[in-house]
Amino acid sequence: MCEPVYKAETGCEVRRIRFQPSGVSEKDAISVLVYVFFPLTLWVKISLTITTSEYVPVHPMFHHQKKITVSSKASKKFHGNLYRVEGVIPESTSRLSDFLYRPENRVTWDKSLKVYNMVQKIDSETFICHTITQSFAMGSISPRDFIDLVHLKCCEGNMDIISSASVDFPTYPPSSNYIRGYNHACGCVCSPLQENPAHSKLVMFVQTEMRGRLAPSIIEATMPSHLVSFILNAKDGIKTHKIPSRCGCHHNGHSSFLKK
């Protein structure tokens with residue numbers, strides 16, 4: 001069953017979500033949509049309105065070299081940082097969000113992952129995925145695995161929000177092979193670039209709890225470059241992966257592949 005817990009004043013704190021091994025019933029799916037993704041998407045929207053002055057710039061040279069900015073502030077969810085990453089992708093918003101949302105080709109372009117599998121479809125815009133990362137920081141951070149709930153929401157102004165958060169899923173319990181990490185409320189916001197609507201502005205909010213016995217200084221030193229690499233991988237990947245145009249309920253013909 002689903003056990004969502006939130007703080008009403010923020011509308012966005014996800015503490016725990018648990019699904020039965022037998023799958024997700026219609027009642028549970030509705031519960032997920034009402035109690036999870038409305039506040040989770042709202043959290044991403046609220047994060048987008050926070051002025052960048054509230055974040056501390058991280059490695060400013062990235063802005064000049066790659067036109068990507070990374071900044072951070074203390075997370076309210078765990079003893080770590082909430083990172084804000086912003087970059088420009090030369091692709092339309094609907095194609096970019098479809099590309100980022102699709103699980104089937106993720107490991108072919110996202111070099112930080114070795115496994116990214118959809119393990120449970122909830123509805124046409126929502127699924128649970130199992131992710132296993134590559135080691136990074138020259139091996140100082142070993143592979144982690146995650147179980148995340150992922151949701152795509154199309155908003156006014158041709159803006160798409162992909163929100164996610166880690167969940168308990170008994171079918172995929174933690175194993176001795178990997179340290180189970182935890183993603184507190186995260187999200188990607190894809191919107192048309194104001195000066196060139198054919199291109200998209202991608203803003204990401206990431207607060208990943210790696211767990212294990214990692215010194216915070218190691219994570220703080222390596223996470224910015226890791227996030228920049230994700231933007232660069234996405235920019236290169238969308239050039240080589242053709243996203244088929246589809247008709248559906250979303251703006252500008254944008255629709256979810258999960259409806260198939």
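Return the distance in nm (one decimal) between the two label points of a simple spin-label model at residue 177 and residue 105, each offset 7 Å from Cα along Cα→Cβ.
So the two model labels end up 2.7 nm from each other.
Ranked highest first by average number of other Cβ atoms within 10 Å, how do 226-232, 94-100 line up?
Result, highest mean first: 94-100, 226-232.
Sorted by packing (mean other beta-carbon atoms within 10 Å per residue), highest first, where do 168-176, 145-153, 197-205, 131-139 land?
Averaged packing, sorted descending, gives the order 145-153, 197-205, 131-139, 168-176.
Along the Cα→Cβ direction, 7 angstrom out, place labels at residue 168 and residue 195. What is the inter-label distance in nm?
The answer from the label model is 5.0 nm.
In whole percent, how big is the carbon plus sulfur part of the accessible area of region 57-162, probe 1.4 Å, protein atoms only?
53 percent
Quote the charge dipole size of region 67-240 about the Cα centre in Debye, to the nearest 20; the model charges only the Cβ of Lys and Arg (+1) and of Asp and Glu (-1).
Working: 19 positive and 16 negative charges, 92 e Å.
For region 67-240, the charge dipole is close to 440 debye.
I want the antiparallel fraction of DSSP beta bridges within region 67-240, as a percent rounded to 5.
Details: 51 of 53 bridges.
Beta bridges within region 67-240, antiparallel portion: roughly 95 percent.
Could you tell me the accessible area of residue 160 in Å² (1.4 Å probe, neighbours in place), rounded to the nearest ten?
That residue has around 0 Å² of solvent-accessible surface.
Suppose each label sits 7 Å from its Cα in the direction of the beta carbon; what would the residue 138-residue 79 distance come out to in nanometres?
2.7 nm
Pairs 201/239; 201/235; 111/235; 73/239: which are spaced more than 22 Å apart, C-alpha to C-alpha?
As for pairs spanning more than 22 Å Cα to Cα, those are 73/239.
Normalise the Debye intensity by I(0) for region 111-215, one equal point scatterer per Cα, no solvent, then take log10 at q = 0.16, 0.21, 0.25 Å⁻¹ and round to two decimals.
Listed by q, the Debye log ratios stand at -0.80, -1.14, -1.37.
The values are calculated or read from the model by the stated rules, or taken from the named source; none is laboratory data. Bear in mind the structure is a predicted one, so any value in this text is a computation, not a measurement. Note that each Cβ is placed from the backbone with ideal geometry, even for glycine, and that neighbours are counted across all protein chains shown. Note: accessible area is taken over every heavy atom of the protein model, side chains too, but ligands, DNA and RNA are not part of it. Shrake-Rupley method; radii C 1.70, N 1.55, O 1.52, S 1.80 Å.
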